[in-house]
Structures are given as structure tokens and as C-alpha cells.
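Below is one structure, written out as C-alpha cells, with a few remarks after it.
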Amino acid sequence: MFGKLSWDAIPFHDPIPLITSMVMLLAIAGIAFWVWRKGWWPYLWNEYITSTDHKRIGIMYIVMALIMLVRGFADAIMMRAQQSLAIGASQGFLPPEHYNQIFSAHGTIMIFFVAMPFVIGFMNFVVPLQLGVRDVAFPTMNNVSFWLSASGALLINLSLFIGEFARTGWLGFPPLSEKEFSPGVGVDYYLVALQISGVGTVLTAVNFVTTILKIRAPGMSYLRMPVFCWTALASNLIMLAAFPVLTVALAQLMLDRYLGFHFFTNDGGGNSMLYMNLIWIWGHPEVYILVLPAFGIYSEVAATFSGKPLFGYRSMVFATMVICIVSYCVWLHHFFTMGAGADINAVFGIASMIIGIPTGVKIYNWLFTMYGGRVRFNVPVYYLLGFMLTFVIGGLTGVLLAIPPVDFVVHNSLFLVAHFHQVIIGGVVFALMAGYTYWFPKAFGFTLDERLGKAVFWCWFIGFHLAFMPLYVLGFWGATRRLQHIPDPTWAPYLHVAFLGAAIIGLGIVLTVVQLLYSIKTRDQRRDVTGDPWDGRTLEWLTLSPPPHYNFAVLPDVHGEEAYWTRKQTAIKQDQLIEEPDYQPIEMPVNTPTGVIVAFFASVCGFAVIWYIWWLAILGLIGAFAIFVWYAWRDEHEHIIPVEEVRANARERRRIRMEHLHNLSQST
Amino acid sequence: MNSSGFMCGTSFVHQPLHAARRISLFVITGLILSGCNRGILDPIGPVAAAEKTILINSTAIMLAIIIPTMIATVAFAWWFRRGNSKATYLPDWEYSGAVEMVVWGIPILTIMLLGGIAWIGSHDLEPSRPLKSNVPPLKVEVVSLDWKWLFIYPDQGIATVNQLVVPAGTPVSYRLTSGTVWNVFWVPQMGTMIYTMPRMTTRLNLQADRPGVYEGLSAHFSGDGFPGMQFKTQVLPPDQFAMWAQGSRGQGAVLDGAGYAELSKPSSYVKPMIYGAVAPGLFDSVVANRLPMLHVPQAAPPANKISAEPAGG
């Protein structure tokens, strides 16, 4: 009846997962109760959960990413603590079967459920606004994408409480992840969660590629798109090409595990090398899926806060697209030590280094964007500078890893761990924090506290360096990764410093929460009444903060690269806005519970598959399918926003803008 | 230096062999004097030395570009800060052909140089390529198991567990596979690491010139016993290696199909041991996954010398 599920699956005798899951359950129940007491459920349901508004969906993605960041960080600090304690004669506080779950969960969560939703959240929130349009191409599908990602995140967290998570690392290499070596449900949790969220990711890619290619404001030609939109396009193109490969690789592993196939097994003609290739054909482009939008954020921040257009815009676009294409041709550098031969290693090594060229160009272009500017040292600029200083070192170690004979002695070592954290934290996380500060007022109508924001930055910056610089050294000393026990006591001081660094990052995460709460509390003093708190250059700053559901009363006419900046300067010079247009009623897509219900059935189905509860799995599938059919037969697609409402809102916006621009023109 | 357990500076040869015991004493003394190793920055052979050179040269080349970039980043940001009235404001400066040329040129030239290093280095240091030497290479076959290392000396007819013994100044030609999941064979101070993969064979050529004991490990996660997969590499002067091999032959346990089956049962932190006889073709049988037929001529009763410590504490 319940497949493999029994009371043994609950970790009654393991205090760490039990207490953690209890705290999590209590927190969720507490928040749900509080929301109910405040009477906010209908608002949440109408404005967020069932919303097809790209801005609301973007915010939900980012909220999910921040929550999962806490989970992923809890794993990280436990790993650092274990490696600081389990040295020499001591075995620390985590036995291998726990420790191995923790590092597997840390990697899986941080990539799939922190970095990805954070990046996708920004693309959702920003891209349609920057393109000067009202929504993405497929608003309902967008909602479904989000909820499928959330379903994957839910299943991963469920593994803490019911059963176990994979003990095979975040990529689940066979044959270790095959039934023979990993008979438990851990790998199944990993596979099913990633398959479900992977569907969401592919749908997102379809949505954004379509949106950027087909839906732009009048006059917004490709070479007038903001760089963030270009990087989003590149990122989604890679997603579209790479995620199906992941789906196939994981599906093959599922066939092996569930139906006794032999794709990657040791016997029956299987070959695990195939998985290694497939997973990295996805895995390496994945890095660029994350880092390209990050580059886009830095480009926006550099231009805005330098008070100058981005230096070498076309160069930047070209560099982005070169990375987009070459990123697909480098995956083999993840296993130079497989013995593929000198020619193959050299070709892939050089291909990997070639990515360093456009990336280097980008660094110089940000540098020259600041040159001749008036750089305002707001929080996003701290992250920009922190990134530029950190990322060049990450690039250096990356190119070292791309040289096969160097890789032969640092592959899989803590040197590698330090390298990829340097590019992911220094490159991606810094950008996400910059973007969070930069676009927060657009989303909520008030700015985040600057002083606390700077404190958060210093925690990340100092914490990161303390946590990972020692790992480079340990890598040189021959320390490999994923060690539950440290063999050499002379490594201890370095591991202790690394733990301290992780703790400082933890303080940064705590301060992020404090900053948010404090800023909400003092929001009345930090209102962004103008819609343009940073003196921005792109179209999202044209509309109010927060923007109306339909973003723009009339789609803006775009002339030139910096659509909003040009318009703003003209208005300041003439001391008047463009002539009031002829307002029309606006059609917007209706809300739909499709996404959340489909994700509910997908979660049920996924859970049932993990535990071999086949009747429930079939029920889940039928439920999800029935919802799609029901949705396809709907009559009501859109609701109309009457012209009076549009006109009233737009006039109010024009009044505010006029006042703001008038003040600006007085001051110049 | 602490010398208990499996830490840096431990002793490990516990065979009832006079020659082996003498040598192990020699090794322990040498080790206490030499202290702990410093990984890939302290190479003990030509491959590791060449890799260290490439590592340092490439780092230096890149630092020459990166340090000025970092200085310029801080300098530009600070000089062009909003409050600085001395800095010129160029609100529309967004393109310069000359600057573009330089910013594309610098990375392209750097990568061309490093690409050349990568191409030549990949070919010179290709793991399967035999090392240039007047000394004929020693053959060693490596099998990774759950969670220990088996080293077979086909020409000497002996095998060891978690203890790699090689003669100094002699090229060693390794063939490697796995009897279980993937692992990576790595002795940091000897240089190149390489995957051991089930049903597949990889090749590796290394040489150690400096006698001593060096850490070896698996550098690819392979399951719960993974941290207990450390092994010691003992580099002996060639005459002492010959003596050790001679003294080990015919002593102790026998590695045939049954012995291998016993050995491949999961265990971790396994103490080093020696097999005095090995069934011919054992390595190829592991690769082909055809083990039960193996037997050793003049079979001695297989003895289980494996002592495992529990992984948990």
C-alpha cells in the first residue's frame, strides 16, 4: 500500500535532521498561522500564488531562493564544522552517511534552488520591464514553471524528514548512484526533484527566448536592448539547449534504477563514462546560465552608478554571445584526468581558455565604464567592485584548471572547490545581492537600508575570502574534496580559518534578514516616489515603483540604446514630458491556479515514485494531466483594464514624473 | 610530528618479513626526519616537477595582467567617485576604438600564450605516454576497491593493499581500473592523477626520484568509506625495492579469485598488507568482470589479513 514507506523513514534517532525538520515545520506552520490571523491569505492567493504577473512571479522566485539559501548555508556551515573537528584521531560529529548527504544537498540546493531561482527571478522581474512590454510571452506557463521549481525544492527538503537524501554528490555519478551501490531512496529524491524542477526550467527558457525575440517595445531593436536582456537571452538559449541533456541523463539513470536498464551500470554493457559526458554537457553551460545574467546585472549597475552609458556596448553583446556559444564546447575539461588523450585534452583546454577572452573584455569594459564617470558608492557598486577584484582571481584559477597538466594535480581538490566558489560567490552571488538592492525599490516602492547593506557586503566579501583562500592552499597540499575526515592534522589551522569565514558569511545572511525587516519598518522614510531612485538609464525606471500590473499605460517608443535615459534627458531639457498619448483599455491575462495545482499533483506523483507507491503516482499523474485539460478548455483568458483606470493611473504617474524631472532640471 | 593512526608520519609495514621489517624501519626513521610533505609544491619526480613549473609559470603570466587590472579597478572607482571635483566627467564617453583594441588584444594575447603552454604541456605530460629513461619501467596494476587500493606487481608476482612500493629513479607504468565505483589514483607529490573506472583501463606513467614515504589517496568521491582510502607510497632505492619484492614473494596471503572476492568486500581504513602470490591475469579479469575462475598455481589456503576499523567514531 505504501511502497517502501514505513515509520523507519522518519529519523527519530538522529537529532540533527529531526530537530531541523521540526523547526522547519514549526516555522512553516507559524508563518501560515500568522498570515491567516492577519487575514492575508486571499491577498497572497490572488496577488502571488495564482498570479500570472511576471513581477510577482519573479518575487516568488527570489523569496524561494532566499529561503533555500538559508537551507544550503546550514549545510555549508555543518560541512565546515565537521572538517574543522574531524581531524586526526577525531571523527567529528557527522558520520559519513550524514556528511555525504549534507555535501550532496548543499551542492544540489545551492545550484538548482538558490542560484537558478534567484537568476530566473531577476529575469522575470526585469526583462519585460526593460523591454518595455507588459508581460512575458506565456504568462500562465510562467506561473507553472515557478510552481514546478517549488515542487522540486519541496521534495528536496522533504528528504530531510522522510527518508534520506543522495550521498553521491550533487551530480550523482553512476555507478555509485546505481541501485547496486545506493539502494536507498536518497538518489531517487535527487532524481525526481531535479526532473520536476527541470521541466519548470525548460519552460522558463522557452518563455524567455520567445519573449525576448518576439515581444519588445516599438523601436527596441536587438542592438537597443539593455545588456541585461542580452545576457538573459544568452542564458535562456543555453538553458534551452542544456537542460534537456540533463533531463535525458537523469531519465536514463532513473531507467537504470527503476526498470533495471543498463545505461551506466558496471554490468550488462553499461558505461558510466556516458553519464559523465552528458551531465557535464549540461553542467558546464549551467555555470554560464548563472553567470551571464550576473554579468548583465553588473553592466546595469556599472552604467547607472557611474552616470555614463556602458562602455563598448556592442563589444559587450558580442562577448556575451561568444560565451553563449563556446560554453557548449568545453565540458570535457571536467575530466581531463580520465585519460582521453593529449589532443582531446588540449583542444578542450584551449576552448575553455577562450572563454577567458570575452570575460576579460567584459572586466575591462566595466572598468572603462567607470572611467570618466561620477561613481556613486551605493551598495550595488560595492558588489561590483568586490566582484571585479574577486572574479579576476577566480578567472586566473579557472584558466589554471583549463591547462590539462595543471588540472592533473589540482583536479577534484580543494583548489577546485575554492575556484568554483570564487566564481559562483564572487561572480553570481555578488551580482544577485547587487541586483536585490538595485531592483528592490522598483519591486516594493522603498529602498533597502544602505548601512546594513554595506555591512552585508563586507560580511560576504571578508567571509568569502577567509572561507576559500585557505582551501586553495590546502589544494596545493593534496587535499581532495568531500572528505568526512581530515587525515593530516597540519591542515587544521586552515580549516579553522575556513570555518570562521563561513561563520562570517552566516552573519551576512542574518544581517540580510535584519536589513529587510528594518527597511520594511522604516519604509515610510525610504519611499521611492519617483520610480527612478538611482537615476537609471533603462525602461524599468520609467514606470512607477512598484509598477502597475500592466507595467506601462502605453508601450514606450524607443529611440537609441538607452531608451529611458534619452527620454529623461529630453524631458529635463525641455522641462516637459512627451505629449500625452491616447490611452486604450489594456488586456491582461487572468490569474490561474493551474500552476500551483499542477505542482501539487507533481509533488504527490514525485513523492510516490520515490517511495514506490504506484497507485498514488498514477493518481498524481492523472491529477496533473486533468488540470492541464481543464485549463485548455477555459473560456476566460484575459481581463480588460478599463481605459478610465489606465488614464487615471497614467495621469497620476505623469504628474509625479513631471515634478521629479522638474526638480532634476532645476538642479542641473 | 604525531605518528599514530593514519596521520602524516605513520609507519605501516607489519609483515612478518625480515627484509620488509628492516626496510620499514629505515622508512620510518627517514620519515620522522623529513616531516610532512607539502603536496604538489614539493615534487619528487619529473612529472610532478614539470607540472609544478607549468602551474607557476602560468600563474605568473596571468598575475602580470591581473594585478594591474585590480589596481586600475580600485583606482578608477576611487578617482572617478562623485565627490571628486578634480576628476573629469565624460557623461557620453562610451566608445573608443583604441581602448577596444587593447581590451580585446590583452586577453587574446594572454590566452594565445597560455594556449600554447596547454597544447605543449598536454602532449609532453600525457599520462599514457611512457617516460624517457634508460631504466626499463616497472609495471604496476592498480585496482580501486571499496574502500582500499590493490597494487599488483605482475612481473614480481606479488600484490599489496594500501601500500604502493616503487623503486626510486625508475619509471613506473601503471594500468588502472576499478573493481567497484569510480575513484582517482593520486599521489600528489608524484604528479598526475587519473581515474580508475570499472570495466575500463587507464594508463599512467610516473617516476619518483626521492626515497621516502608519501601520501596517496583517492581524489574522486566513492561512497561512505571514501576518507579511509588513503594509502602510503614508499619510494625505495632500487636495490632495496628488489630485496623487498624478493622477500615478499611466496609469503603471506594468496590473491586468487576467492581472495579477491574476500578483499573486495567493503571495508575502510584498511591496514597495509602484502600478498605473496597473485593469480596470473587477475587485473584483466577484474576489467572483464570474470573473477571466480582465477586460481594461483600451487594454491596456498587464502588467508584474510584485512583488518578494518569502523568508519564511524
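Since every read-out is calculated from the coordinates, none of them should be taken as a lab result. Quantities reported herein were computed from a predicted structural model and do not represent experimental measurements. A quick note on method: Cβ atoms are made from the backbone with ideal geometry, for glycine too, and the neighbour counts reach across all protein chains shown.
Straight-line cross-link partners of A:K4 among the lysines, defined as a Cα under 28 Å from its Cα and at least 8 positions apart when in the same chain: A:K179, B:K265. In units of the rule-of-thumb radius 2.2 N^0.38 Å, the range A:482-525 shows an alpha carbon radius of gyration of 1.91.
The convex hull built on the alpha-carbon positions of the range A:314-397 has an orientation-averaged projected area of 6.6 nm². Mean partner shielding of peptide B:224-232, defined as the number of other chain Cβ atoms within 10 Å of each residue Cβ, is 5. As an equivalent ellipsoid, the range A:1-44 spans semi-axes of 30, 15, 6 angstrom, where each value is the square root of five times an eigenvalue of the C-alpha gyration tensor, largest first.
In nm, to one decimal, how far is the modelled label at A:I19 from the one at A:W36, with both set 7 Å along Cα→Cβ? My value for the distance between the label points is 2.8 nm.
The long axis of helix A:227-259 is offset from the longest Cα principal axis of chain A by roughly 30 degrees. Using a cut-off of 21 Å between Cα atoms, the listed pairs A:K442/A:K521; A:K454/A:K521; B:K52/B:K271 include B:K52/B:K271 as exceeding that distance.
Beyond 37 Å, the tail of the calculated P(r) for chain A holds 37 percent of the Cα pairs. What is the mean number of Cβ atoms from other protein chains located within 10 Å of the Cβ atom of each residue in peptide A:80-91, rounded to a whole number? Mean number of neighbouring Cβ atoms from other chains: 2. Computed on the Cα atoms alone, the convex hull of the range B:73-191 gives a volume of 236 cubic angstrom per residue.
Of the trypsin sites (Lys or Arg not before Pro) found in the range B:71-167, those that fall in a DSSP loop while having at most 14 other beta-carbon atoms within 10 Å are B:K86, B:K132. Semi-axis lengths, largest first, of the ellipsoid equivalent to the range B:138-288 are 21, 18, 14 Å, with √(5λ) applied to each eigenvalue of the Cα gyration tensor.
Classified by the C-alpha gyration tensor, the range B:46-124 has an oblate form. Its axis ratio a/c, with a ≥ b ≥ c, is 1.5 or above, and a/b does not exceed b/c. Angle check, please: helix A:414-423 long axis (alpha carbons) against the longest principal axis of chain A (alpha carbons), in degrees 0 to 90, nearest 10. Its long axis makes an angle of about 10 degrees. Given their separation in residues at 0.36 nm each and the Cα-Cα distance between them, A:A648 and A:M469 gain 58.8 nm when the chain is fully extended. Rounded, prolate or oblate: which fits the range A:596-668, taking a ≥ b ≥ c as square roots of the Cα gyration tensor eigenvalues, rounded meaning a/c under 1.5, else prolate when a/b beats b/c? Oblate, because a/c is 1.5 or more while a/b does not exceed b/c.
Ranking of A:C605, A:C229 by neighbouring Cβ atoms within 10 Å, starting from the fewest: A:C605, A:C229.
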